[in-house]
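S.K.: First the structure, then my questions, so here it is.
Derivation of every value follows stated rules applied to the coordinates shown; laboratory data play no part. From a predicted model like this one, the values you see are computed outputs, not experimental measurements. When we count neighbours, we look across all protein chains shown, and the Cβ atoms used for this are built from the backbone with ideal geometry, even at glycine.
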Amino acid sequence: MTDPNRVTLFYSPQTRATGTRVLLEELGAPYDLHVLNMKAGEQRQPGYLAVNPLGKVPAIRRGDALVTEQVAITIYLADLFPQASLAPSPDDPLRGPYLRWIAYYGSSFEPAVVDRFMQREPAPIAMSPYADYDTMLGALEAQLATGPYLLGDRFTAADVLWGIAFNWTLTFGLVPKRDVFVRYAERIASRPAFQRITAADAEMVAQQTAAAEG
């Protein structure tokens with residue numbers, strides 16, 4: 001009999017989906033991978049576009065529930081497995097800040113980083129979702145300085161989201177290597193779940209590259 005709590009993660013290694021897999025590991029959640037080989041363009045095939053018309057990962061399915069968008073998936077999964085205590089409850093004073101900084105990732109950080117990477121002129125400050133790059137980053141730096149985690153002493157699902165983000169953006173020079181960012185990224189990257197999935201991703205990438213070349 002199929003486990004109704006089991007999550008299917010539509011996945012490609014070394015993408016945004018990596019963070020979702022790390023989160024599932026941190027939650028101790030039962031899950032299966034539906035692996036897409038992006039090097040072979042599988043994310044653009046009709047079968048997957050029926051799951052996510054944007055052809056992006058991650059996406060998850062649990063029973064009849066299909067969820068896309070990294071921010072939504074983070075909130076959904078952490079609430080779904082409360083025994084892991086990675087999401088403040090609705091009556092917890094930290095719930096508001098927790099949701100604020102998860103939303104900040106999708107609404108402010110990613111647009112700012114993409115504009116910076118593409119060397120695009122940002123929108124006027126009154127219209128830009130993130131005001132300007134330096135202001136956006138400064139607010140985040142001030143919050144992380146209260147550490148060791150985003151919400152102080154408490155590790156939450158938000159830290160998985162942000163830890164993966166800083167690991168990638170620092171590696172590729174999209175965020176300056178300020179001490180608070182580097183220390184935070186290292187702290188999250190040292191966690192066993194992160195280490196396990198990083199190793200598994202490297203192996204999967206090698207296999208997909210060989211398959212694409214073959």
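S.K.: Based on the alpha carbons, how large is the Rg to Rh ratio for the stretch 95-192 when Rh follows Kirkwood?
M.R.: Result for the stretch 95-192 is an Rg/Rh of 0.96.
S.K.: Which one, ASP32, ASP91, ASP134, has the greatest fluctuation when you compute a Gaussian network model over the chain with C-alpha springs under 10 angstrom?
M.R.: ASP91
S.K.: While we're on this one: Using the Cβ atoms and a cut-off under 11 Å, what net charge is assigned to the surroundings of TYR76, where Lys and Arg are +1 and Asp and Glu are -1?
M.R.: Here the charged neighbours net out to -1.
S.K.: What ranking do 157-167, 181-191, 112-122 get when scored by the average of other Cβ atoms within 10 Å per residue, highest first?
M.R.: Final packing ranking: 157-167, 181-191, 112-122.
S.K.: Say a paramagnetic label sat at a point 7 Å from the Cα of THR209, along Cα to Cβ; which residues of the stretch 8-27 have their backbone N under 13 Å from it?
M.R.: Those under the cut-off are 14.
S.K.: Just how many % of Cα pairs in the chain lie over 26 Å apart, if you round to the nearest whole percent?
M.R.: 38
S.K.: Separate question: When DSSP beta bridges are limited to those with both residues in the chain, what percentage is antiparallel, rounded to the nearest 5?
M.R.: Expressed as a percentage, antiparallel bridges in the chain total about 65.
S.K.: Largest first and to the nearest Å, give the Cα extent of the stretch 70-148 along each principal axis.
M.R.: Projected onto the principal axes, the Cα atoms of the stretch 70-148 cover 44, 25, 21 Å.
S.K.: Read phi for every residue in the stretch 148-165 and hand back ³J(HN,Hα) as whole Hz from Karplus 6.51 cos²θ - 1.76 cosθ + 1.60, θ = phi - 60°, with x for Gly and Pro.
M.R.: Running phi through 6.51 cos²θ - 1.76 cosθ + 1.60 with θ = phi - 60° gives x, 10, 4, 10, x, 7, 9, 7, 9, 4, 4, 5, 5, 4, 6, x, 4, 4 Hz.
S.K.: Let me ask you something else. Roughly how many whole Å is it from the C-alpha centroid of the stretch 175-206 to that of the stretch 71-143?
M.R.: Going from one Cα centre to the other spans 19 Å.
S.K.: Across the Cα atoms of the stretch 7-85, what radius of gyration and what greatest pairwise Cα-Cα distance (Dmax) are found, in Å?
M.R.: 12.1, 38
S.K.: Just to be sure I follow: if Rg is taken over the C-alpha atoms of the stretch 163-214 and Rh is the Kirkwood radius over the same atoms, what is Rg/Rh?
M.R.: Here the Rg-to-Rh quotient is 1.12.
S.K.: Separate question: In terms of the Cα gyration tensor, with a ≥ b ≥ c the square roots of its eigenvalues, is the stretch 1-44 rounded because a/c is under 1.5, prolate because a/b exceeds b/c, or oblate?
M.R.: Judged from the Cα gyration tensor, the stretch 1-44 comes out oblate (a/c at least 1.5, b/c at or above a/b).
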